[in-house]
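The values are calculated or read from the model by the stated rules, or taken from the named source; none is laboratory data. The structure presented is a predicted model; accordingly, all values stated were derived computationally and were not measured. Neighbour counts are summed over all protein chains in view; Cβ atoms, including those assigned to glycine, are modelled from backbone coordinates with ideal geometry.
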Amino acid sequence: MPKQVPEAELNAVLEAVGRYPAEASIKDISKVLEIQLPHRTLQRRLALLVEQKRLTVEGRARGSRYRRSPVELAGKIAGGAQATANLTIYVPVSPEGNTVKQAVRAPIQDRHPVGYNRAFLDAYRPNDTYYLPPETRQRLLEMGRAPDRQRPAGTYALQILDRLLIDLSWNSSRLEGNTYSLLETERLLELGEVAEGKDAWEAQMILNHKAAIELLVEQAAEVGFNRYTILNLHALLADNLLADPQAYGRLRTIPVAIAGTVYHPLEVPQLIGECFDQILATAAAVADPFEQAFFTMVHLPYLQPFEDVNKRVSRLAANLPLIRENLSPLSFVDMPGRAYVDGTLGVYELNRIELLRDVFVWAYERSCARYAAVRQSLGEPDSFRLRYRPLIADVVSEIVGGGMDKKTATAFIRRRAAEDLPLEDQARFLEVVETAVMSLHEGNIARYRLRPSQYQKWKETWR
């Protein structure tokens, strides 16, 4: 006769998972578990709770992430006021969005299994079909546009890049269950300092976001809804996080399953490739940047074109038109994870976009408010430095990394200016780079991707 598992143990594990607003790894759970359970025992308890539909799980092996299931949470609402309080963090939703919310919150056994519906994609006609009503698009434009919108693509994002890197990296990672705090994220990105007691994959996820955001901003005039951009976004975001190194930046050739939903994505590689190209072509043809962004958030995760990291790719790809048009970026500030998941499930299971649309509009309004304040505090940017920002950073990094002295550095800057800039900009470039090098200190070297040890070694030769 199988050994009876004490209900008290299961409840303790559930309470531990419930302390995390998004998702929790087994290591996270063990840290806050109020009873002592051996690692293998905890694994078995988690597996049993998943089997009982009281938890859902995403990922495999060490990458498994657990969250309270809608079924279990519904029972808690009836049983106590505290659970109800924990569920009140949500975004304002329309009546249509609320209908979707209630449908995806139903017990999973009551939801009808569905597969990928290509007709949902085929029905969309760029600049004829609109997921966002005209008044919504106009409101978002009025909120998101910057006074210097007519400047070169990416100017606005470059101006607020330091803040954007932290905000978007943290919030997008948080939506995936990452437990880094905002301050820990800031120290990781600016100083390379890994937080104590955190899993290595969490730091890797955040650093991957930084690299992907820099691609979008620094190549704003070149990137777009094409294979180069989206595949490379995936490669950057997935770096060192997938078991198969061949899967970085490659469309999947294997089936995938998504825990906590009755949706089953496409499995035929040829169809995945066809739909992926159709999504990119459709998105590229959409004229309105907000419609473009939201279309991407709907259809890329729905297709699940990659083995993993699909939602992260969609969140950053949604910023492509916003960065290009010098609009406020979308960084998911204050976004409740449950609302984002529910909205995505509405697309997966029902092909209903209303709840995800409510989430998108609310998130963009929050982002606009944040970056309006950030921009006001920064003042007017130097357009020359913005235009040549990547080259300036590259030259400064090479000077320090190469251990150059002042004479060698000056000759190197002149040579790079002659190779890469028109004659009329070369003298100003020399001045800007020399000023940047002379202004280096331990508090600003991270912007040039320099390590403290490199800086200290270079200082000894800088004479």
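Values for this structure:
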| item | result |
| --- | --- |
| Count - residues of segment 98-143 that are touching a residue at least 60 places away in the same chain (Cβ under 8 Å), under 26 Å from Asn319 (Cβ atoms) and either of a type in the set (A, V, I, L, M, F, W, C) or not assigned by TED's automatic domain parsing to the domain that holds Val361 (or both) | 8 |
| Output for segment 161-203, where each listed residue is under 26 Å from Arg385 (Cβ atoms), hydrophobic (A, V, I, L, M, F, W, C) and surrounded by fewer than 19 Cβ atoms within 10 Å (Cβ to Cβ) | Leu191 |
| Index of the failed condition, Ala103 passing every other in (1) touching a helix residue (DSSP H, G or I) at 6+ places or on another chain (Cβ under 7 Å); (2) within 18 Å of Thr179 (Cα to Cα); (3) at pLDDT 80 or above; (4) not aromatic (Phe, Trp, Tyr) | (2) |
| Residue in segment 341-351 that is touching an Asp or Glu at 6+ places or on another chain (Cβ under 9 Å) and closer than 19 Å to Leu164 by Cβ present | no |
| Matching option when the condition is surrounded by 13 or more Cβ atoms within 10 Å (Cβ to Cβ), in contact with a Pro (Cβ under 7 Å, 6 or more places away or on another chain) and modelled with pLDDT under 75, among Val71, Val91 | Val71 |
| Helices (runs of 4 or more DSSP H) fully within segment 330-416 counting 2 or more residues that are modelled with pLDDT of 90 or more and under 30 Å from Pro107 (Cα atoms) | 337-350, 354-378 |
| Filter pass, Ala16 being part of a helix (DSSP H, G or I), modelled with pLDDT under 85 and over 24 Å from Glu202 (Cα atoms) | no |
| Members of segment 196-206 that are free of Cβ contacts under 8 Å to residues at least 24 places away in the same chain and in a helix (DSSP H, G or I) | Ala200, Ala203 |
| Meets criteria (in contact (Cβ under 8 Å) with a residue 60 or more places away in the chain, more than 14 Å from the chain's Cα centre (by Cα) and in the same structural domain as Ala369 (by TED's automatic domain parsing)) for Leu327 | yes |
| Helices (runs of 4 or more DSSP H) completely within segment 213-329 that count 2 or more residues being over 27 Å from Glu354 (Cα atoms) | 227-238, 269-285 |
| Of the criteria (1) in a helix (DSSP H, G or I); (2) closer than 18 Å to Phe332 by Cβ; (3) modelled with pLDDT of 90 or more, which one Glu176 fails | (1) |
| Single condition Pro336 does not satisfy, out of (1) free of Cβ contacts under 8 Å to residues at least 12 places away in the same chain; (2) over 25 Å from Leu271 (Cα atoms); (3) not hydroxyl-bearing (Ser, Thr, Tyr) | (1) |
| Set Leu141, Leu165, Leu158, Leu183: member being part of a helix (DSSP H, G or I) and touching a Phe, Trp or Tyr at 6+ places or on another chain (Cβ under 8 Å) | Leu141 |
| Pick from segment 25-46, criterion aliphatic (A, V, I, L, M) and part of a helix (DSSP H, G or I), ranking: farthest from the chain's Cα centre (by Cα) | Leu42 |
| Yes/no for Phe294 being crowded, with 24+ Cβ neighbours inside 10 Å, at pLDDT 95 or above, under 24 Å from Arg60 (Cβ atoms) and of a type in the set (Phe, Trp, Tyr) | no |
| Hits in segment 403-422 - residues which are free of Cβ contacts under 8 Å to residues at least 24 places away in the same chain, of a type in the set (D, E, K, R) and within 25 Å of Pro452 (Cα to Cα) | Lys407 |
| Any hit, segment 220-230, residues being surrounded by fewer than 16 Cβ atoms within 10 Å (Cβ to Cβ) and over 23 Å from Leu158 (Cα atoms) | yes |
| Condition met for Ala281 (over 21 Å from Asp308 (Cβ atoms) and either out of contact with any strand residue (DSSP E or B) (no Cβ under 8 Å at 6 or more places or on another chain) or acidic (Asp, Glu) (or both)) | yes |
| Any hit, segment 176-192, residues being under 12 Å from Leu316 (Cβ atoms), of a type in the set (S, T, N, Q) and under 17 Å from the mean Cα position of the chain (by Cα) | no |
| The one condition in (1) small (Gly, Ala, Ser); (2) within 16 Å of Leu303 (Cβ to Cβ); (3) over 26 Å from the mean Cα position of the chain (by Cα) that Ala106 fails to fulfil | (2) |
| Any hit, segment 27-36, residues being closer than 23 Å to Tyr340 by Cβ, touching a Phe, Trp or Tyr at 6+ places or on another chain (Cβ under 6 Å), at pLDDT 85 or above and outside the structural domain of Arg111 (by TED's automatic domain parsing) | no |
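Every residue, every condition in (1) polar (S, T, N, Q); (2) part of a loop (DSSP other than H, G, I, E, B); (3) in contact with a strand residue (DSSP E or B) (Cβ under 9 Å, 6 or more places away or on another chain); (4) modelled with pLDDT of 95 or more, yes or no:
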| site | (1), (2), (3), (4) |
| --- | --- |
| Gln109 | yes, no, no, no |
| Leu121 | no, no, no, yes |
| Tyr124 | no, yes, no, yes |
| Asn127 | yes, yes, no, yes |
| Tyr130 | no, yes, no, yes |
| Glu135 | no, no, no, yes |
